[in-house]
Amino acid sequence: MQRVRTRYAPSPTGHLHIGNARTALFSYLFARRHGGDFILRIEDTDIERNVVGGEYNQMEGLKWLGIEWDESVDKGGPYGPYRCLERLDLYQEHVKKLLDEGKAYKSYSTPEELEKERQEQLAKGLAPKYSGWDRDLTPEEQAKYEAEGRVPSIRLRVPEGQTIRFVDAVRGEVKFDSDGIGDFVIMRPDGRPTYNFACVVDDVAMKITHVIRGEEHISNTPRQLLVYQALGYPVPQFAHIPLILNPAGKKMSKRDESIVQFIEQYKQLGYLPEALVNFMTLLGWAPEGEEEIFSLEELCQLFSLERISKAPAIFDTNKLKWMNNHYIKKSPLERIVELALPYFEKAGRLTLPLDKEKREWISQVISLYQEQLDEIGRIVELSDLFFREEIEYTKEGQQILEAEQVPAVLKAFLSELDQVEEFTPNVIKKALKKVQKATGCRGKSLFMPIRVAATGQAQGPDLSQTLSLIGLDQVKKRVQQALEQKVDSGSSSI
Ligand code: GLU
C-alpha cells in the first residue's frame with residue numbers, strides 16, 4: 001500500500017478554531033494510525049484575509065495540543081516550500097499546461113461586468129454562473145482586450161452535462177452536476193492561484209493520499225475534481241467530517257457566544273490539552289466500546305475513518321468540563337500548581353516567584369480544590385476565602401449561624417484556639433473534639449457553625465485542613481467576628 005500522507009491546510013487568518021483543530025487532529029491521528037506522514041501546509045494565497053501572526057497562532061495551537069507535524073514551513077521536508085505564496089511557479093507551470101491544452105482560458109471580465117452579469121441572472125431567477133463569453137476568443141480579440149488594459153484571470157473550462165462523482169470515506173457516494181458549475185477562476189490576474197486550484201496542485205505535489213477536512217468544503221470538492229480531471233492526476237481519498245453544532249444544535253457562527261471557539265481561549269481558561277484532544281476526537285468519531293477517556297497515544301492506535309459519523313456533532317460544554325476535571329484530578333498536584341499560579345498573579349493575589357513557604361501553602365490550598373476543578377482558572381474564585389481580610393456569609397451560612405447552639409460552640413472553639421500553638425490539621429481535630437465534649441454538640445451542629453464562621457460558606461473542603469491553611473490569627477479573628485455579629489443580631493431582635 002501507498003504510504004499514507006495527510007495534511008492540515010489552514011489559511012493564516014487568525015487563531016486556531018476548535019473546528020479546524022479537530023480537522024488537524026483527525027488528519028494527524030489517521031496518519032499516525034497508519035504509520036504515515038502528517039503535513040502542515042499554509043494556504044496563504046487569500047492575502048486580504050491573512051493576518052500577522054496567523055501562521056504562528058496556528059502552529060502554537062497545534063503544538064500545545066500535542067499535534068506534531070512531520071513537514072512544514074519550520075522543519076522543511078521533501079515537498080516544500082510549504083507556504084502557497086512560495087509555490088507560485090508551480091501553479092504557473094500547471095496553468096500554462098492547461099492553457100496549452102485548451103483546458104483553461106484567459107478571461108477578460110472586469111469585476112463590474114461580473115457583478116452586472118450576476119445581478120441579471122439573479123433577476124431572471126437563475127443561479128449565478130459564469131457565462132463563458134470569452135471562452136473562445138481569437139488571439140487578436142485577446143490582444144484587443146489587453147490593449148484596453150484588461151489583465152486576464154485564468155478560468156477552467158468546465159464541461160457541460162457531466163456528473164461528477166466521488167466516494168467519500170464518510171458520506172459514501174456523492175454526486176454533483178457539472179451544469180451548476182460555471183467556468184471558474186483558477187488564477188487571479190496578479191498570478192495568485194485560487195484555493196480550489198492551489199489545493200489540488202499542492203495535494204498532488206505533496207503526495208497527499210487522504211484529504212480529511214470539514215464538511216463545509218464538500219461543495220468545493222466537485223471543482224477540485226474537475227481540476228484533477230483536467231490535469232490528469234489521480235484523485236485522493238476524501239473524507240468530509242461532520243459539522244460541529246453549538247449546544248443548542250444550531251450551526252455555529254464565528255460570533256456564537258454559546259461556546260468558546262478558539263484553542264487559545266481554552267488554554268487561557270485553564271483547559272488541559274489532553275482534555276481537549278480527547279473531547280475533540282469524540283466530536284464526530286466514536287470508538288467501539290463504551291469507554292470515553294483516551295490519551296492521544298491511544299487515539300493514534302484506534303482512530304479510523306470508518307467510525308466517523310455522518311451526523312453533525314453537538315458540542316456539549318458540560319462534557320468538556322467533565323473531561324477537563326477528569327484530567328485535572330489525574331494530574332500530579334505540582335503540574336496543577338504550576339498552571340494555577342499565573343491566575344493568582346493576574347488576580348493580584350500573589351507575587352511571583354514565591355518563597356518556599358508560600359509555595360507550599362498555595363500548593364496545599366490548590367490541593368483542596370483539585371478534585372472539583374473543571375477549569376484551572378476557576379481556582380482563584382474558589383479559593384477566595386484564603387485571601388480575604390473580610391469574609392461574607394452566604395445565605396445558607398447566615399442561617400447556620402442563627403442556630404441556638406452557635407454562640408456556645410464558637411466561644412468554646414475560641415478558647416481552644418487560645419491554647420493551641422501549632423495550627424496543624426491534627427491539632428485542630430483535637431481542638432474540635434474538645435469543643436464537642438464541652439458543648440455536647442456533635443456532627444453538623446458542631447462543624448457547620450465553625451466552617452461558616454471561618455469561611456463564610458456552608459460547604460467546602462476538609463475543615464481542619466481548611467482552617468489550618470487560613471491560619472490561626474485569621475481563624476480567631478473570623479470566629480470572633482461571627483460571635484459578635486451573632487450577639488448583635490441576637491440583642492437587636494429583643
Ligand atoms: N485553507 C482551507 C481552509 O482553511 C483548507 C481546506 C482544505 O482542507 O482543503 O479551510
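Things to note:
- The C-alpha radius of gyration of the range 156-240, expressed as a fraction of 2.2 N^0.38 Å, stands at 1.05.
- Over the range 53-201, the Kirkwood radius and the radius of gyration, each from Cα atoms, give a ratio Rg/Rh of 1.05.
- Take every DSSP beta bridge whose two residues both sit in the chain; close to 55 percent of them are antiparallel.
- Across the range 89-129, the volume of the C-alpha convex hull divided among the residues equals 90 Å³ per residue.
- Using only alpha-carbon positions in the chain, the gyration tensor eigenvalues give semi-axes of 66, 23, 20 Å once each is multiplied by 5 and square-rooted (largest first).
- Unit charges at the beta carbon, dipole of the range 172-246: most positive-side option, Gly180, Leu225, Pro236: Pro236
- Sulfur and carbon atoms: percent of accessible area, the chain [1.4 Å]: 50 percent
- The chain, relative contact order [Cα under 8 Å, separation at least 6], %: 13 percent
- For peptides 45-54, 197-206, 424-433, sequence by mean Cβ density within 10 Å, most packed first: 197-206, 424-433, 45-54
- Selection among Ile328, Val167, Ala21 by position relative to the dipole of the chain gives Ile328 as farthest towards the positive end (Cβ unit charges, Cα centre).
- Options Pro139, Ile314, Ala104, ranked by Cα towards positive dipole end of the chain, top entry (Cβ charges): Ile314
- Column: log10 I(q)/I(0), Debye, Cα scatterers of the range 296-421, q = 0.21 Å⁻¹: -1.20
- With the highest mean first, a sort of the peptides 392-404, 140-152 on other beta-carbon atoms found within 10 angstrom per residue produces 392-404, 140-152.
- Cα-projected label distance for Gln265 with Thr163, points at 7 Å along beta-carbon direction, nm: 4.4 nm
- The range 1-76 - Rg and Dmax from Cα coordinates, angstrom: 12.3, 41
- Packing-based ranking of 103-110, 214-221 yields 103-110, 214-221, ordered from highest to lowest mean Cβ neighbour count within 10 Å.
- Rolling a 1.4 Å probe over the heavy atoms of the protein chains gives the chain an accessible area of 50 Å² per residue.
- Think of each Lys and Arg Cβ as +1 and each Asp and Glu Cβ as -1; about the Cα centre, that makes the dipole of the chain roughly 1100 debye.
- Label zone (Lys124, point 7 Å along Cα-to-C-beta; backbone nitrogen cut-off 19 Å) within the range 141-158: 158.
- Computed on the range 1-137, with alpha-carbon pairs under 8 angstrom and 6+ residues apart, the relative contact order is 22 percent.
- Ranking by accessible area, most exposed first, for Tyr233, Tyr343 with a 1.4 Å probe: Tyr233, Tyr343
- The range 116-205, relative contact order in percent, only Cα pairs under 8 angstrom and at least six apart counted: 26 percent
- About the Cα centre, charge dipole magnitude for the range 257-336 (Lys/Arg +1, Asp/Glu -1 at Cβ), debye: 240 debye
- Dipole size of the range 10-167 about its Cα centre, with +1 on Lys/Arg Cβ and -1 on Asp/Glu Cβ: approximately 660 debye, rounded to the nearest 20.
- Helix-only mean residue ellipticity at 222 nm for the chain, each DSSP H run of n ≥ 4 adding -39500 (n - 2.57), per residue, nearest 500: -14500 deg cm²/dmol
- Two-decimal Rg/Rh across the range 214-345, once Rg and the Kirkwood Rh are taken from alpha-carbon atoms: 1.06
- Column: log10 I(q)/I(0), Debye, Cα scatterers of the range 348-494, q = 0.12, 0.14, 0.16, 0.17 Å⁻¹: -0.50, -0.68, -0.87, -0.97
- Gln459/Glu298 FRET efficiency (R0 35 Å; Cβ-Cβ; nearest 0.05): 0.45
The values are calculated or read from the model by the stated rules, or taken from the named source; none is laboratory data. All of these numbers come straight from a predicted model, not from anything done at the bench. Neighbour counts are summed over all protein chains in view; Cβ atoms, including those assigned to glycine, are modelled from backbone coordinates with ideal geometry. Surface accessibility is based on the protein's heavy atoms, side chains included, excluding ligands, DNA and RNA. Shrake-Rupley method; radii C 1.70, N 1.55, O 1.52, S 1.80 Å.
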